[in-house]
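Dumping the structure here so I can ask a few things about it.
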Amino acid sequence: MAIQIAPSILSADFANLERDILEVADADWLHVDVMDGHFVPNMTLGLPVVERIAEVSPLPIDAHLMIDDPDRWAPRYAEAGAASVTFHLEAARDPRTIAADLHSLGKRASCAIKPGTAVEQVLPLIDTLDMVLVMTVEPGFGGQAFMEDMMPKLRTLRAAAEAAGRDLRIQTDGGIARATIGTVVEAGCDVVVAGSAIFGAEHRGAEIAALRELAGAVRHQV
């Protein structure tokens, strides 16, 4: 599968959000972090803002729900316009039902795991998921240092997906930049979330192209 790039608007200028979104139109997804101040110690934006972003974004919305009660809220973000919704395994009561609800709305279902969560906990669910997100930082804030010790999780997921014959996307989020993108791609990642690396660049389109080129070179060698 081709490597996909998903700029995270957590690092965008919220006062000029539409402008920043349009400047990353060469990417594959727009990664939108939703935080409630409970599941993670930070707050970002909610349903009305995601709905408006979906109206102006040239990219499909990849909504990452770092919130309590995703069983209730995940379908609502799908209805608000997100093409892919990621809920956290640690917060979900019934992950399979969440995935089924998202699929019934014609949306992609993804499950995220925090650094402290064993990858074995999500493996029984890969038959119902479109993507698994492995956090490579502690969720809640952008600009954190990349956790390379998460790479065995990616390798385990990739091996399990191949063994099951599943077309499973594997995503990483946290500390991804030119220096680390090759590491995650080599370990099995094919959807890369990058926030400060892209939105902190002077030329965002050029940074996306550079990340894509680096990822593609590593993928060609694997």
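Just name one of G37, L157, G182: the one whose Cα is farthest towards the positive end of the charge dipole of the chain (beta-carbon charges, Lys/Arg +1, Asp/Glu -1).
Towards the positive end, the residue furthest out is L157.
What does the charge count near D173 come to, summing +1 for each Lys or Arg and -1 for each Asp or Glu among other residues with Cβ under 12 Å from its Cβ?
Once all neighbours under 12 Å are counted, the net charge is -2.
Given the options D149, D33, D101, which has the most mean-square fluctuation in a GNM of the chain, springs set between C-alpha atoms less than 10 angstrom apart?
Among D149, D33, D101, the largest mean-square fluctuation in the Gaussian network model of the chain belongs to D149.
Roughly how many debye, to the nearest 20, is the charge dipole of the stretch 16-87 about its Cα centre, given +1 on each Lys and Arg Cβ, -1 on each Asp and Glu Cβ, and no other charges?
For the stretch 16-87, the charge dipole is close to 140 debye.
Can you sort F146, F87 so the residue with the fewest Cβ neighbours within 10 Å comes first?
Ascending Cβ contact count within 10 Å gives the list F146, F87.
For the stretch 1-25 and the stretch 148-222, compute the distance between their C-alpha centroids and round to whole Å.
16
Using the number of other C-beta atoms within 10 angstrom as an exposure proxy, rank V40, V193 with the fewest first.
With the sparsest Cβ surroundings first, the list reads V40, V193.
Would you mind getting me the FRET efficiency between A209 and T117? Use the beta-carbon distance for r and R0 = 45 Å, nearest 0.05.
Values: r = 33 Å, r/R0 = 0.74.
Between A209 and T117 the formula returns 0.85.
For the stretch 16-144, with only Lys/Arg (+1) and Asp/Glu (-1) charged at the beta-carbon, what is the dipole magnitude about the Cα centre, in debye rounded to 20?
Roughly 180 debye for the stretch 16-144.
Is there a quick way to get the dipole size of the chain? I mean about its Cα centre, with the Cβ of Lys and Arg at +1 and of Asp and Glu at -1; what is the value in debye to the nearest 20?
Approximately 360 debye in magnitude.
Let me have the 222 nm mean residue ellipticity of the chain computed from DSSP H runs of 4+ only, each contributing -39500 (n - 2.57), with the sum over all residues rounded to the nearest 500.
Per the formula, -10500 deg cm²/dmol.
Can you sort V134, V185 so the residue with the fewest Cβ neighbours within 10 Å comes first?
Lowest to highest Cβ neighbour count: V185, V134.
Any read-out appearing in this document is the output of simple, stated calculations on the displayed coordinates, not a laboratory observation. All values derive from a computational prediction rather than experimental measurement. Because the Cβ atoms are built from the backbone with ideal geometry, glycine has one as well, and the counts that use them run over all protein chains shown.
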